[in-house]
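Scroll down for the structure; my scribbles are underneath it.
The values are calculated or read from the model by the stated rules, or taken from the named source; none is laboratory data. What you see is a predicted model, and the numbers here were worked out from it, not measured in a lab. All Cβ positions, glycine included, derive from the backbone under ideal geometry; neighbour counts span all protein chains shown. Surface areas here come from the heavy atoms of the whole protein model, side chains and all, with no ligands, DNA or RNA. Shrake-Rupley method; radii C 1.70, N 1.55, O 1.52, S 1.80 Å.
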Amino acid sequence: MHQLRRRDRRLARRVPSEPVQRRAFRLTAVGADVVLVGYFSAKQKDFETLMASAATELGARGARVVAQIVQRRGVSDGGVQKMNLPYSSRTLLRYGKVREVAQACDQVNADAVIFVASLTERQQRTLTDMLGRPAVSLSDILATD
């Protein structure tokens, strides 16, 4: 009989037994309190307008933006080539800013954290665990409608 090679067996064990479904937070409750977080490079001068339009979009969907936090990536921390890259591949933001977001969420008793930037699934899981509430990107919220 044909035996599987060792490499083939290892790959078979890594395959999940059931498909992984993306967990997206849905704003179904009118009046949900959310914290809006933006991540922008220093080159992007209209970040205040983008934050205001995101808050308006969330308000139209029944959410109440109770706090806004912005992380800006400056030229002095790594050069122009890195300005559009996240500070951390795990959390998008610096850890000090993540702690600031967590404190703001606790102070205002927020139901969720909405990021203006797109988040990967790993970032969503990590931020949800760190913040103690759902962390999703604005594009996921807009795509559910």
Checklist entry - Accessible area of S118, 1.4 Å probe, to the nearest 10 Å²? => result 80
Checklist entry - By the scheme Lys and Arg +1, Asp and Glu -1, what is the net charge of all other residues having a beta-carbon under 10 Å from that of G31? => result -1
Checklist outcome for this item: In this structure, the FRET efficiency calculated for T144 and S118 from their beta-carbon separation, with R0 = 22 Å, to the nearest 0.05, is 0.90
Checklist outcome for this item: For the A60, S88 Cβ pair and Förster radius 22 Å, calculated FRET efficiency rounded to 0.05 is 0.10
Next on the checklist: Need the full-extension length gain, A52 to R125, defined as separation in residues times 0.36 nm minus the C-alpha distance. One decimal, nm.
Outcome noted: 23.7 nm
